[in-house]
1. Please list, or write none, the lysines whose alpha carbon is within less than 22 Å of the alpha carbon of A:LYS167, excluding same-chain residues fewer than 8 places away.
2. How large are Rg and Dmax for chain B when calculated on the C-alpha trace, in angstrom?
3. Equivalent ellipsoid semi-axes for segment B:525-599, as square roots of 5 times the alpha carbon gyration tensor eigenvalues: give them largest first, rounded to whole Å.
4. Let me know the Kirkwood hydrodynamic radius for the protein assembly as shown, please, with Cα pairs as the basis and the value in Å to one decimal.
5. Principal axis lengths of segment B:191-346 from Cα atoms, whole Å, largest first?
6. Hey, what number do you get for the protein assembly as shown at 222 nm if only DSSP H runs of n ≥ 4 count, each worth -39500 (n - 2.57), divided across all residues, to the nearest 500?
7. What's the FRET efficiency of A:GLU78 with A:LYS27 using the Cβ-Cβ distance as r and R₀ = 35 Å, to the nearest 0.05?
8. For the peptides B:586-597, B:143-154, what is the packing order when you average, over each peptide's residues, the other Cβ atoms within 10 Å and list the highest mean first?
Amino acid sequence: MECEFERSRERLDDDTFVSELVKKYGKDRSMLIPMLQEVMLRYHYLPRDILETLSEKIEVPIAEIINVATFYHQFRLEPVGRYIVSICFGTACYLLGSAIVYEAMRDAMGLKGDKHTTDDLAITIEPARCFGCCSLAPVAMVTSADGKERYVHGKLTPSEGRKLVRKYRAQALKEM
Amino acid sequence: MSLKIDEKTRKIIYGPKGFRIRIPIASCSLAAGVNSVRDAVVNAIESLGVEAEIYRVGCMGQCFIDPWIEIAKEGLPPAIYGNVDPNNASKIKEIIQNYVNGDLSEAMAVRFKVDGVKSPQELTELDPWKYQVRFVSRNCGLIDPESIEDYIATGGYSGLKRALEMKREEVIEEIKRSKLRGRGGAGFPTWLKWNLCYQQKSDVKYVICNGDEGDPGAFMNRLLSESDPHRVVEGLIIAGYAVGATNGVIFVRAEKPLMAERLAKAVQQAREKGFLGKNILGTDFNFDIVTYRSAGAFVCGEETALIAAIEGRSRSRQRPPYPAVKGLWGKPTILNNVETLAHVATIFQFGVEEFLKYGTERTGGTKMFCVTGSVKRTGVYEVPIGTTIRRLIYDLAGGAKEGKNIKAVQAGGPSGGCIPVELFDVQLDFETLQQYGAIMGSGGLVVIDDSMCMVDVAHFFTGFTLAESCGKCLPCRVGVKLLNQILGKIKEGEGKIEDLETLQEIGESIMKTSLCALGGTAPNPVISTLKYFKHEYLEHIERKHCPAKVCQKLVTYVINPGICNGCGTCLRSCPAGAIEGKPRDAHKIIAEKCLRCGQCMIVCPAGAVGKV
Ligand SMILES: Cc1cc2nc3c(=O)[nH]c(=O)nc-3n(C[C@H](O)[C@H](O)[C@H](O)COP(=O)(O)O)c2cc1C
Ligand code: SF4
Ligand code: FES
């Protein structure tokens, strides 16, 4: 039950990637979550076709995989931006106004309705669960899509929120 | 409790070079910009040409002084500087220079005084420390969390040695004597669970460290694991020995990555030193630990859901059988909270008597509490069980923020309740809190002031539980949704007086019929606010008025003409065309047309829109 996964560096094609995954974890239903975590690491979301291949190879129905994937917050089924800005909606943050900071950030990026990611795939803004930095509420955590960079920003106001997402978007566009 | 500075601690404080600068690298201080502070300190010691060593530590729980540094040079008192400006490198250099010259006037406090050196007061004399008893959190902010040597130097792993010299029954007996009860929420006597598991006959048994900490507003487990992870690992090994386990699992939630990294590193170091693996410390005890990252769902913190998550399923199951009998992979399993395990290690290091100096008749020792929300000094405070809410919130955390009035405290998160300010002399222990409709939970206290609305708080928590319910049982799935909808209606000014009764009835039936404690305690926030803050509900229902001006549909938006510069941003964004005004002149909202969506307040770059 070893779950401290290594990041696979070499470029594999999709099918080989899934085969390697199955080889590493076995056709083991209980290893589904670590396997999905690895898919996340590689694609930053769970692409439908990859899940289908995985479903065939480990003989677990696709519906069941989707069920697990939607239950846990960590998994996503849609592509994400270069930087993911997560705004804490935990108690301390919510009571100190994180919802308004969130709306201000979305407004600054022109995100409306169900949209969480900008069309240029630079930024994703989403509500999130407590990060345990509640004493600096309201808090936002910014992670790069590959999970390698991680920044936490505390005591945000709506106008700082706007500045923050603009900064990361500019950075993302430079890097893309 | 004053910090006893023995020779070992002294060595750790000043380091081998006799000059150490402590820099806290933990999630909270990182958020406060400590990386820039570190860069500035590195540059400063280089340009000043001083022989100081940069020493990474965890967080001492005083989040309100983040980012802080501590400068300790042999011959001078170790001095703590709070709220260091990360963007002012020259100031940081000046602080170090002054310190070296013996001028400590800018320091917030010193760890201890040194004869002949003028210095500010000692840390333990400061209000936020005075009433604390730092039993499990003793090393937080003092030692390098990534160094097993430093942990050992403070007495670490001596508890494990002691435990391994005892029989399993004796270890359990020792924990029984300590009156240690689980710090993860329910307050279950630790020895009882261990004993049940110990008595099972099985060649494989598991012990699990529950580091899922999903209660929003609680972060003592994160802080402890990031600052002193070996204490948790040592506790888990002792637990493993006591019940006769072969394997340990540390389960950490995805939102707390640094906590997971530090614990994984500690496990690896413990293995290298022979505290894990085969024949630990020359005994016939074999035991190893793996770390597991949760994919992040609140219900995963619940025992059976946590086990399901490790097994790759996603739901809670009915108890009994209890995990101690039939748990992970069907084998006897115990789960303990991070802080519980850290207490175990500390009890074995310092003795049961030391632990029993604190606590109540039924519960031994201390507990870490997170105080956040509307207080001056947010942070983590470790106090004896049975300390009053007032002491924690006013004496330690400094009371209300400037210009605000505290009206309640939310204790125990989504399963807990709100306690009004009139009852702040209530003691923080398992039984007393329950009696008042709250729970101890993991020890998160969110302080609520009069700018926060109690109906909104109840609505917030039901929304949280609704999103987190695994959906298996009807009362939780449907009942909580109903609660949430009714509260939503009240927030919009469409509530009826009968709704209050309905809330109470639904709440009670959910409590009686839910499968796991997530549903079973979900109505607590609603029922406790109904009990103590009925007037706020009535105000919403009868007068269509939100006293705290939080419920959007019940407030009126106005533009402050003194601040508005007439940029027109709100005018362009208003979906109802309810704003008028000429460019560069102050704008106005026409109340009759306004939809109360609040959009103008969100878009206004000058912050000119307010609520009445
Ligand atoms: C919905 C729910 C969430 C929970 N979350 C946690 C948690 O994050 N951490 C924790 O230690 N216990 C949590 N618990 C309590 C655990 O089920 C269990 O009682 C605890 O881990 C036992 O450890 P202890 O005896 O050391 O407290 C949760 C319980 C419920 C019902
Ligand atoms: S609250 Fe909404 S409708 Fe009213 S003025 Fe502001 S934006 Fe327009
Ligand atoms: S409530 Fe926002 S970080 Fe905890």
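Quick note: the coordinates plus some simple rules give every number you see, no bench work behind them. Remember, predicted model here, so these are calculated numbers, not experimental data. Virtual Cβ from ideal backbone geometry, glycine too; neighbours counted across all protein chains shown.
1. Of all the lysines, those that pass the test against A:LYS167 - Cα under 22 Å, at least 8 places apart if same chain - are A:LYS112, A:LYS115, A:LYS148, A:LYS155.
2. According to the Cα coordinates of chain B, Rg and Dmax are 26.4, 84 Å.
3. The equivalent ellipsoid of segment B:525-599 has semi-axes of 33, 12, 10 Å.
4. By the Kirkwood definition, the hydrodynamic radius is 27.6 Å.
5. Per principal axis, max minus min of the Cα coordinates gives 42, 36, 25 Å.
6. -11000 deg cm²/dmol
7. Here the calculated transfer efficiency is 0.80.
8. Working: B:586-597: 15.1, B:143-154: 19.5.
Answer by packing, highest mean first, reads B:143-154, B:586-597.
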